Amino acid sequence: MVMWISLALLLLLVVVGSVAPDQLAALTQMALDLTIARTGWLYLLVVFSLVIFLFYLACSRFATLRIGGEDAKPEFSGPTWFAMLFSAGMGIGLVFWGAAEPISHLAAPAEGIAPMTSEAARAALRYSNFHWGLHPWAIYAVLGLALAWFKYNRGASGLISELLRPLFGRLVDGWLGHAVDILAVLATAVGVATSLGFGALQIGAGLHHVFGLPQNTGMRIGIIGCALALYLISSATGLHRGIKWLSNTNMVLALLLLFAFFVFGPTDFIFDAFTNALGGYLNNFFAMSLRMTPYSEGTWVAEWTLFYWAWWISWAPFVGSFIARVSYGRTVREFVVGVLAVPSVLSFIWFAALGGTALHLQLFSGADLVGAYAQGPENVLFQVLDTLPMSGLLALVSTALLLSFFVTSADSATLVLASMSTSGALDPPVWKKIIWGIVQAAVAATLLVAGGLEGLRSMAIVTALPFALILLVVCFSLLRALRKEQSRLDLEAAEFRHALRGWLAQTRSGAKSETQRARAAEGPGES
């Protein structure tokens with residue numbers, strides 16, 4: 001039921017987008033305006049609450065509980081685990097926005113900041129860190145931890161609906177559970193399609209920059225088609241071959257590109273910008289987390305923060321399911337630190353290198369990256385690369401990285417969607433992976449045709465709203481499950497201590513009796 005209803009709704013979206021793209025774009029924009037006007041505050045409160053919840057878990061008595069049980073061992077090494085998290089969770093987006101977002105914030109900063117100033121430059125990296133730091137990974141971590149715990153410690157199916165069972169009991173076996181799972185599939189498909197659309201835009205810009213190929217809708221749809229073939233081949237090879245190999249390749253290419261920026265870019269400026277942005281992020285953490293503009297009715301928060309929070313929420317079922325699949329054997333604290341802190345720090349370094357270089361070029365070297373952004377954010381990275389030595393090679397590496405991230409994200413999403421529609425099976429049938437792979441590509445192409453970048457943004461925000469509320473319910477359900485497990489362990493420990501005291505008392509009593517018998521046997525004369 002989950003698979004076929006979800007497929008029907010997504011295919012309806014594809015048909016409407018193909019037949020009436022203008023009408024779909026208008027309908028999406030209307031839904032977006034209503035969502036932001038009435039529930040924008042909800043996104044901020046939900047995501048901020050998730051961050052606080054995870055900090056609590058990492059410092060609580062539940063921190064030493066282990067996914068899979070006390071004797072479980074991690075399935076993947078630390079470096080491979082981090083590579084998989086990073087590739088599935090951020091991937092295309094970091095490459096797409098790494099240089100473009102800070103330039104946008106410099107030219108059109110948040111309310112109260114003058115554009116094209118040093119203050120705007122400081123705020124640009126600070127808000128980039130905010131949008132790609134702890135908050136998005138908190139969204140992934142909450143759902144990932146809940147799915148992993150219920151799957152490996154309670155024997156649940158791995159479906160999102162199973163996370164609600166501690167609160168709703170048998171209701172999750174009926175329409176409520178089906179509705180939640182269908183919503184999870186729809187959010188995943190649209191969220192991943194949004195990222196694939198971004199990837200197609202920038203891969204097209206890279207091919208145009210390196211090989212002079214045209215940048216048009218036909219080329220972008222062709223890119224999606226080629227990537228479809230690649231990630232279907234990878235998906236058929238399984239988790240331990242295709243996705244693992246791709247994730248490690250992504251990390252190598254990303255580190256090479258990062259190294260090039262540190263070596264060929266303004267190195268001192270990058271380190272200074274990283275330190276300043278990190279300090280600003282920590283100093284303004286709470287203010288940025290809860291920032292709305294009710295008195296000026298500005299649109300900046302909606303265009304950036306709300307879009308990102310909705311985008312991450314729409315990715316949560318996919319990335320959370322994938323993180324759960326590869327996190328067997330980790331403790332709660334290890335999981336939270338690994339999923340929350342490590343990728344966030346890598347994102348901060350990434351934006352300091354790419355975004356810092358872009359800001360330096362715009363402010364001090366006479367480059368017109370603001371003009372490049374106006375032509376399309378996908379063009380900014382390649383304009384920056386043009387200023388570095390070996391620009392052609394670096395542009396080729398960047399395009400290869402984009403394609404690799406594209407295939408990894410789609411491959412991981414294909415696995416998760418097939419699993420969601422197979423009662424949470426760890427190794428779903430290949431034919432289901434193929435169907436979901438094709439559907440993802442079709443949705444991405446439809447959204448590109450119907451509304452381009454704005455269409456992708458709008459659809460992500462609208463589809464994520466119901467799932468934001470589900471995430472809050474998942475927090476309560478997970479907390480109840482962890483408390484139950486901790487109570488069980490405490491009871492076992494108390495019973496063990498009681499048994500140990502009894503054994504020791506019995507041993508002492510027996511030893512005392514033996515001593516008394518020995519003395520009695522010796523007799524008064526011998527003593």
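The values are calculated or read from the model by the stated rules, or taken from the named source; none is laboratory data. Here the structure is a predicted model, which is why all the values come from computation and not from measurement. FYI the Cβ positions are ideal-geometry reconstructions off the backbone, even for glycines, and counts take in every protein chain you see. Side chains are part of the model used for accessible areas, which takes the heavy atoms of the whole protein and leaves out ligands, DNA and RNA. Shrake-Rupley method; radii C 1.70, N 1.55, O 1.52, S 1.80 Å.
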Here the residues within segment 387-414 that are open to solvent by less than 20 Å² (accessible area, probe 1.4 Å) and among the hydrophobic types (A, V, I, L, M, F, W, C) are Leu388, Leu394, Ala395, Leu401, Leu402, Phe405, Phe406, Val407, Ala410, Ala413
Restricting segment 425-444 to residues that are open to solvent by 20 Å² or more (accessible area, probe 1.4 Å) and assigned to a helix (DSSP H, G or I), the one modelled with the lowest pLDDT turns out to be Val430
Of those in segment 158-169 that are free of Cβ contacts under 8 Å to residues at least 40 places away in the same chain and of a type in the set (Gly, Ala, Ser), the residue surrounded by the fewest Cβ atoms within 10 Å (Cβ to Cβ) is Gly169
Of the residues in segment 48-80 that are without any contact (Cβ under 8 Å) to a residue 24 or more places away in the chain and not in a helix (DSSP H, G or I), the one that is nearest to the chain's Cα centre (by Cα) is Ser77
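Yes or no, residue by residue, for (1) within 15 Å of Leu465 (Cβ to Cβ); (2) in contact (Cβ under 8 Å) with a residue 40 or more places away in the chain:
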position: Leu11; (1), (2): no, yes
position: Leu27; (1), (2): no, no
position: Met30; (1), (2): yes, no
position: Thr35; (1), (2): yes, yes
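Considering Gly144, Gly177, which residue is of a type outside the set (A, V, I, L, M, F, W, C) and touching a Ser or Thr at 6+ places or on another chain (Cβ under 6 Å)?
Just one listed residue meets the conditions, Gly177.
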Looking across segment 329-386 at residues that are over 18 Å from Pro109 (Cα atoms) and among the charged types (D, E, K, R), the single one that is most open to solvent (accessible area, probe 1.4 Å) is Arg333
Selection over segment 264-301 where residues are open to solvent by 20 Å² or more (accessible area, probe 1.4 Å), more than 29 Å from Leu388 (Cβ to Cβ) and either not in a loop (DSSP other than H, G, I, E, B) or not polar (S, T, N, Q) (or both) yields a count of 13
Screening Ile233, Ile224 for residues that are assigned to a helix (DSSP H, G or I), at pLDDT 80 or above and not polar (S, T, N, Q) leaves only Ile224
*asked:* Please verify whether Ser314 is open to solvent by less than 10 Å² (accessible area, probe 1.4 Å), among the polar types (S, T, N, Q) and modelled with pLDDT under 85, treating the condition exactly as stated.
replied: yes
Considering only segment 137-157, I want to know if a residue exists there that is farther than 30 Å from Asp71 by Cβ and free of Cβ contacts under 8 Å to residues at least 60 places away in the same chain. no
Regarding segment 205-222, can at least one residue be identified that is under 23 Å from the mean Cα position of the chain (by Cα) and touching a residue at least 60 places away in the same chain (Cβ under 8 Å)? no
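Which helices (runs of 4 or more DSSP H) sit wholly inside segment 89-171 and have at least 2 residues that are farther than 25 Å from Ser296 by Cβ? Walk me through how you get there before you give the answer.
Values: elements: 92-97, 100-107, 118-132, 134-152, 165-168.
Where helices (runs of 4 or more DSSP H) fall fully within segment 89-171 and carry at least 2 residues being farther than 25 Å from Ser296 by Cβ, they are 92-97, 134-152, 165-168.
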Residue pairs qualifying under the 9 Å Cβ cut-off, at least six apart or on distinct chains, with the first in segment 459-487 being surrounded by fewer than 17 Cβ atoms within 10 Å (Cβ to Cβ) and the second being in a helix (DSSP H, G or I) and among the polar types (S, T, N, Q), are Leu472/Ser49
Exactly one of Ala8, Ala58 is among the small types (Gly, Ala, Ser) and buried (at least 16 other Cβ atoms within 10 Å of the Cβ), and that residue is Ala58
